[in-house]
Each structure stands twice: as C-alpha cells, then as structure tokens.
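**Student:** Handing you a structure now.
FYI, it's all coordinate maths here, none of it is from the lab. Fair warning: this is a prediction, and the values are worked out from it, not measured in the lab. Quick reminder, even Gly has a Cβ in these numbers, built from the backbone with ideal geometry, and neighbours come from all protein chains shown.
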Amino acid sequence: MLILDAHLDLSMNALEWNRDFTRPISEIREREQRMTDKPDRGRGTVCFPEMRRGGIGICVATQIARYVKHGNPLPGWHSPEQAWAQTQGQLAWYRAMEERGEMVQIRTRGELQKHIDVWNGAPVSDPAQTHASSKHAGSETGAPLPIGYILSLEGADSILSFQHLERSYEQGLRALGPAHYGPGLYAQGTDAVGKFPPRGRELLREMDRLGMILDVTHLTDEEFWEALDLYQGPLWASHSDCRALAPHQRQFNDEQIKALAQRGAVIGAALDAWMMVPNWIRQQTTPQAVGLKLEKLIEHIDHVCQVAGNANHSGIGSDLDGGFGREQTPMDLETIADLARVPDMLRARGYREEDVRAIAHGNFLNFLTKALPQ
Ligand SMILES: [Zn+2]
C-alpha cells in the first residue's frame, strides 16, 4: 500500500550528515562506522531504496536551518543569511535528485494527481480514493520510480524577508512550520514558552496571502491557539504525537487534537522515541529498556482517531531521519521500509480497509488535493 510520510529531513541528511540517500542503507551505515560527530552515526534508517521497498512513494520533505544568537546553546547558524544560504543549498540537492530521477517535486494538484497515477500504474480520478496497490516500486521498464515530495520549511529563521518567502513559494515551498526547538525568530517553539512575536504574526498573514499550509508542529501551546485563531488557511501537524501517551509540551493534548480535527487538519504520527513514551532521556534510555515497539505508533494513531471520533485526521509523519537513528526508534524497526507493516497493524486493531488507506495516505492526499494550487 502506498505510504505518505509527512515529515522527512532528507536534504539536512544529505548536506549536514553527508549521507547519499541514493545508496543502500547498509553502505550508508558502513561508511559512518568510525564517525562520532552525531549521535546516530551508523544507525540511520532512511534512504531512497528503503523508502521504495516500503512503498513510501510520497513525502513532505523539509528545508531546515536554525539561526542562533550568541550564547544560544542549540546547534545552528550564526546569522539568518547563513541559514537562508543553507536552505538554498538544500534546495539545490533536491533539484539534483530530481535531475537524477530519484525525486519529483509536487507543487500543484495536477502534479499530485500525476504522481499518484505513476505510483498506481494507471490513471485514477481521485487520489484520495486510490487503492495504491503498487507492490513494486518500479516502473514498467524496471527503473525505480521517483519519490514525490512536497517542499516544507521547518522553522522560519532562514526567511530573511517576506520577499524571500515569496521567492521560496516560487521555488515550490508549500508548507511552513514557523517553529522548531526555540526560541526562533518567528516563533518560540519547543522547549520555549510564550506567544508569537509580532513578526511571527506577520509571517502568518503573508503565508495566508500566498495560500501556504501552516504546520503547527513545534509551536508552544500559546502559539498553537493563537495560530488557530489568526490563520484562515489550511493547517496540519506534520509530525506530532499525543500528550496523553507521552506527557510533554511537544505533543498535543486532547483539546488540541479536537480543535485540529475541527479545522480539517491531519496529524502525522512520529517515530522519535522521546515523543512516543514518557520519561525518555536522549542517549541514555534505549528502546530495548522500555520495550518500545512499532505498535506504540499505532497507539498514537488510534488515540487521535478516538479523540477526533473518526479516522479522517490521522496519518504518518515519521521524522525517521530527524537527527536520530535506531538508538531512538522502536526496537522492531530496522529501516523506514517497516512503515509497510502499519496497514496490517491497523487491520489487526479492527480498522476498516477504507480507514487503513486513509491513515496510510488518503487523509494527507485529500488534504493536499484541497490545499495545493490548481
Ligand atoms: Zn521536527
């Protein structure tokens, strides 16, 4: 079954982790064996061959570059201009992947439809109704199918001015999360507190004008409610879990999930261990120690469906290449290809076939069909 992954930091891995995602996962891991600069060296779970093996034919892929003021201990660039340049370098990598036929950018409804047709091997009328039965992720000539991506920006620090936002839109940027780990220039974000600064509220107005998708992931609780108030356009949460299962401000409480469902949002469930279970300590807790398995993802998905009252607002936003690897993911997940097990796990929980399809790809495709420009 076609899987849509609503959050991957592919270009960050290419440029900052120096990972060539066109190569097999074994080779990527092998080349990192003696490297110690990142906590997940040698334990990555994402590359294009594994995405195709798991049927992940479409994703939301980020540009990401934080600006840090002097004294801010978070990793990041020392000026917003450097952050902008980094995101432009990331875009150059996506373009190079397009030229190789590894990826294809989706900017419009038409391009979305065309891509879904390619993955299904036959024209269909409504992407949301697609059965997406492509068992093989290769074209009829045997060449690998390109992975479709919708370009998103995680954290808005790199947006130097609203002219740069417009330029980004012209480059195909369709979704934007103003916040990341904060505080940021346009939003406070995870591990920070408070409301949007004035320029954050202005950013929302500009995004509204351009018709962009607002990603509410990483907003503080105050910003979350402010955003729902201020933003009239489409909004989603690309990679967010449930606070009821993993108490931390990074996750949504039930009231927030209800409000998102009312707005027609889709919430992508994430596979970052610290967001899935309580009291996870990075680089200390292990998946084995707490018995973390992929089934926990199904619990988060199920919680969203129970709170929303239906299966129309839940999806997958794995975040599997978000600066962590197998040390911080479910112990029974070898690579991103294991997302292919999610449909069967939902069926085992009693989910109807149409709801399984909705969660695997249909809800996000439906959303995009409405949110993308013609
Ligand atoms: Zn994130």
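**Student:** Which one, Ser240, Leu372, Ile3, is farthest towards the positive end of the dipole of the chain when Lys and Arg carry +1 and Asp and Glu -1 on their Cβ?
**Tutor:** Final value for the positive-end residue is Ile3.
**Student:** For the chain, with a Gaussian network of springs between Cα atoms less than 10 Å apart, report the residue from Thr108, Thr217, Thr285 with the top mean-square fluctuation.
**Tutor:** Comparing Thr108, Thr217, Thr285 in a Gaussian network model of the chain, the most mobile one is Thr285.
**Student:** Please report, in whole Å, how far the alpha carbons of the chain spread along each principal axis, starting with the longest.
**Tutor:** Sorted largest first, the three principal extents are 51, 48, 42 Å.
**Student:** Based only on Cα atoms, what mean projected area does the convex hull of region 263-374 have, in nm²? Let's see the in-between values first.
**Tutor:** On the way: hull surface 31.7 nm².
Directional mean of the projected Cα hull area for region 263-374 stands at 7.9 nm².
**Student:** Please state the charge dipole magnitude for the chain, taken about the Cα centre, from unit charges on C-beta atoms (+1 on K and R, -1 on D and E), reported in debye and rounded to the nearest 20.
**Tutor:** Numbers: 39 positive and 49 negative charges, 38 e Å.
With only Lys, Arg, Asp and Glu charged at Cβ, the dipole is about 180 debye.
**Student:** Once the dipole of the chain is set up with Lys and Arg at +1 and Asp and Glu at -1 on Cβ about the Cα centre, which of Gly76, Val266, Tyr231 lies farthest towards its positive end?
**Tutor:** Ranked along the dipole, the leading option is Gly76.
**Student:** Could you tell me the number of lysine pairs in the chain with C-alpha atoms less than 25 Å from each other, where the two lysines are 8 or more residues apart or belong to different chains?
**Tutor:** 9
**Student:** Follow-up. Considering only Ile213, Ile116, Ile281, give the residue with the highest GNM mean-square fluctuation for the chain, with springs between Cα atoms whenever their separation is below 10 Å.
**Tutor:** Ile281
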